[in-house]
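Here is the structure we will look at, set down as structure tokens.
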Amino acid sequence: MSRVTRIVIVGGGPGGYEAALVAAQLGAEVTVVDRDGLGGSAVLTDCVPSKTLIATAEVMTDTAESGELGVRLGAAGADLPQDRVGVDLGKVNERVTALARAQSDDITSRLAREGVTVLPGLGRLDGPTKVVAELADGRQEVLDADAVLVATGAHPRVLPDARPDGERILTWEQVYALDHLPEHLVVVGSGVTGAEFASAYTSLGSKVTLVSSRDRVLPGEDQDAATVLEDVFRRRGMTVLSKSRATSVRRAGDSGAAVVVSLDDGRTVEGSHCLMAVGSVPNTEGLGLEQAGVRLDEGGFVEVDRVSRTSATGVYAAGDCTGVLMLASVAAMQGRIAMWHLLGDAVSPLSLRSVSSNVFTDPEIATVGWSQRDVESGETDAVMVKLPLATNARAKMQGVHDGFVKLFARPGSGTVVGGVVVAPRASELIHAVALAVDARITVDQLAHSFTIYPSISGSVAEAARQLHTRVWRA
Ligand SMILES: Cc1cc2nc3c(=O)[nH]c(=O)nc-3n(C[C@H](O)[C@H](O)[C@H](O)COP(=O)(O)OP(=O)(O)OC[C@H]3O[C@@H](n4cnc5c(N)ncnc54)[C@H](O)[C@@H]3O)c2cc1C
């Protein structure tokens with residue numbers, strides 16, 4: 001009789017706990033060692049809290065911009081100023097943290113039900129087949145493993161001259177301790193995290209200055225999408241400082257302009273609070289990885305192949321600690337793939353081409369597949385159409401003025417290879433395009449499927465229809 005496979009997972013975020021569920025389903029004996037709580041940063045400090053905060057911010061924007069639709073706030077007939085709508089940030093953050101904790105508890109119960117052993121504590125490798133767990137209660141446990149999965153995630157990058165103090169100079173993990181809305185929030189960093197928080201706090205009612213070292217926000221995203229977003233940001237009153245690198249952030253007091261951000265051109269920006277969003281560092285130090293034969297790249301990320309194998313036999317890695325694509329959905333898939341591969345189940349190597357991602361700003365920006373940058377650089381061949389939402393009937397009814405649908409298709413065959421949606425709830429609308437990219441369907445097939453009238457998804461079908469002749473002419 002063959003022995004049960006013993007798997008030890010270090011880190012209980014999406015990379016770790018999703019792998020644990022698959023491994024338990026396939027009959028392995030699974031132990032997860034986790035430091036901060038199941039769900040990891042994704043559930044406790046990053047994804048879940050930020051999107052819960054953003055849910056409140058969305059209601060604020062919708063309310064503030066509802067005048068165009070004939071909404072009057074206050075008693076019938078009264079014409080109250082829009083700025084009467086306010087937010088109780090203490091209450092919002094209470095809800096955010098309670099929801100995150102409840103989600104983590106749900107995951108803990110699920111793993112217990114599936115027979116996974118969870119050890120709260122700090123794990124490190126002692127060679128490729130042994131994990132030492134320093135448990136939260138002070139004990140130490142040494143776990144022998146047939147295979148190890150490293151899924152330890154990442155943490156916010158800290159600049160030496162801009163050290164967070166948890167009160168006025170904050171990382172994205174610390175903002176949920178605020179019980180009052182920052183009067184003036186300076187956000188350093190205009191990548192996805194910086195843009196999402198800048199968007200949310202503007203909607204919540206803070207004055208926001210976004211410091212961007214690049215010539216536009218969201219340098220990694222579709223350029224047209226970033227331009228739409230930057231225009232909306234400015235229209236809503238946000239100050240966007242482009243080509244401005246922050247060199248230091250210092251505390252200047254306890255009230256009013258309590259922080260001073262210095263820029264590389266000599267200017268300074270004063271604010272009540274500063275949020276640092278300048279990237280992430282993998283949690284790979286002190287884990288005994290290199291000693292176990294696990295190769296790290298120059299940024300400290302674990303090198304993995306498309307089935308999550310590291311350079312050490314029997315050691316797999318998943319999620320942010322690999323830096324492959326820092327998304328919860330990708331972490332979870334890397335973890336599952338590792339277990340399917342290890343335990344001999346059917347598995348396809350990770351393909352990033354069909355990963356859809358979303359920036360939860362207002363409007364949202366969702367993308368999948370090949371991008372315009374890929375086409376323009378000659379990396380792939382595609383024809384493109386872009387339809388502004390201003391022509392969409394549903395968008396007009398809803399007072400949606402900003403956004404577009406962009407589709408990319410292969411010349412000749414007409415296969416859909418990518419798309420961008422900039423719209424409210426773009427995260428939901430992108431699914432049709434993601435399905436098209438994944439299933440390699442053609443623009444005609446996409447165009448011929450019925451959409452609801454009126455609907456914003458009608459623009460996805462219309463874009464596909466417009467590509468019908470272009471794919472042949474290209
Ligand atoms: C502000 C923000 C918002 C985000 N929003 C989204 C979003 O909307 N959608 C999305 O898909 N992605 C989002 N992400 C990215 C997403 O959070 C990460 O990609 C995801 O958390 C990666 O999962 P993971 O399992 O690799 O690591 P994590 O979620 O970081 O989990 C790692 C776990 O390992 C534990 N750990 C670390 N070291 C040890 C050790 N030595 N021993 C034991 N345990 C250890 C940690 O305590 C943690 O519990 C966001 C990121 C940020 C910063």
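Restricting the first member to the range 279-297 and to residues that are under 18 Å from residue 323 (Cβ atoms) and of a type in the set (Gly, Ala, Ser), and the second to residues that are open to solvent by less than 50 Å² (accessible area, probe 1.4 Å) and in a strand (DSSP E or B), the beta-carbon pairs closer than 7 Å and six or more apart or on different chains are 280/154; 280/156.
Residues that are within 16 Å of the ligand (Cβ to nearest atom) and over 26 Å from the mean Cα position of the chain (by Cα): does the range 1-11 have at least one? Steps first, please.
Step one: filter the range 1-11 for residues within 16 Å of the ligand (Cβ to nearest atom), giving 7-11.
Checking the rest, the ones that are also over 26 Å from the mean Cα position of the chain (by Cα) come to 7-8.
Looking through the range 1-11, at least one residue is within 16 Å of the ligand (Cβ to nearest atom) and over 26 Å from the mean Cα position of the chain (by Cα).
Among residues of the range 64-82 that are exposed (fewer than 10 other Cβ atoms within 10 Å of the Cβ), those with a Cβ under 7 angstrom from a residue that is modelled with pLDDT of 90 or more, sequence gap 6+ or separate chain, pair up as 68/399.
Counting only strands (runs of 3 or more DSSP E) that sit completely within the range 85-185, those holding 2 or more residues that are surrounded by fewer than 18 Cβ atoms within 10 Å (Cβ to Cβ) and charged (D, E, K, R) correspond to 130-135, 140-144. Examine the range 224-235 for a residue that is open to solvent by 10 Å² or more (accessible area, probe 1.4 Å), outside any strand (DSSP E or B) and within 16 Å of the ligand (Cβ to nearest atom), and state whether such a residue exists. There is no residue in the range 224-235 that is open to solvent by 10 Å² or more (accessible area, probe 1.4 Å), outside any strand (DSSP E or B) and within 16 Å of the ligand (Cβ to nearest atom). The single condition among (1) among the β-branched types (Val, Ile, Thr); (2) more than 30 Å from residue 291 (Cβ to Cβ); (3) within 16 Å of the ligand (Cβ to nearest atom) that residue 383 does not meet is (3).
Does the range 155-172 contain at least one residue that is touching a helix residue (DSSP H, G or I) at 6+ places or on another chain (Cβ under 8 Å), within 16 Å of the ligand (Cβ to nearest atom) and in contact (Cβ under 8 Å) with a residue 60 or more places away in the chain? Yes - at least one qualifying residue is present in the range 155-172. Count of the range 311-326 residues, restricted to those that are within 14 Å of the ligand (Cβ to nearest atom), part of a loop (DSSP other than H, G, I, E, B) and either open to solvent by less than 50 Å² (accessible area, probe 1.4 Å) or over 15 Å from residue 297 (Cβ atoms) (or both), is 2. Quick check, is residue 394 surrounded by 15 or more Cβ atoms within 10 Å (Cβ to Cβ) and over 26 Å from the mean Cα position of the chain (by Cα)? Spelling it out, residue 394 is indeed surrounded by 15 or more Cβ atoms within 10 Å (Cβ to Cβ) and over 26 Å from the mean Cα position of the chain (by Cα).
When the range 313-356 is filtered for residues that are touching a Pro at 6+ places or on another chain (Cβ under 8 Å) and acidic (Asp, Glu), only 320 remains.
Scanning the range 397-439 for residues that are under 21 Å from the mean Cα position of the chain (by Cα), farther than 21 Å from residue 471 by Cα and open to solvent by 30 Å² or more (accessible area, probe 1.4 Å) gives 424, 425, 427, 428, 429, 431. Pairing residues of the range 345-358 that are farther than 22 Å from residue 425 by Cα with residues that are within 16 Å of the ligand (Cβ to nearest atom) and among the polar types (S, T, N, Q), at Cβ distances under 9 Å and at least 6 apart in sequence or on separate chains, gives 350/308; 350/334. Out of all the residues in the range 23-58, which are part of a strand (DSSP E or B) and either within 9 Å of the ligand (Cβ to nearest atom) or buried (at least 20 other Cβ atoms within 10 Å of the Cβ) (or both)? The answer is 30, 31, 32, 33, 34.
The values are calculated or read from the model by the stated rules, or taken from the named source; none is laboratory data. Just so we're clear, the structure is a prediction, and the values are computed from it rather than from any experiment. Positions of Cβ are backbone-derived with ideal geometry, glycine not excepted, and every protein chain shown enters the neighbour counts. Surface accessibility is based on the protein's heavy atoms, side chains included, excluding ligands, DNA and RNA. Shrake-Rupley method; radii C 1.70, N 1.55, O 1.52, S 1.80 Å.
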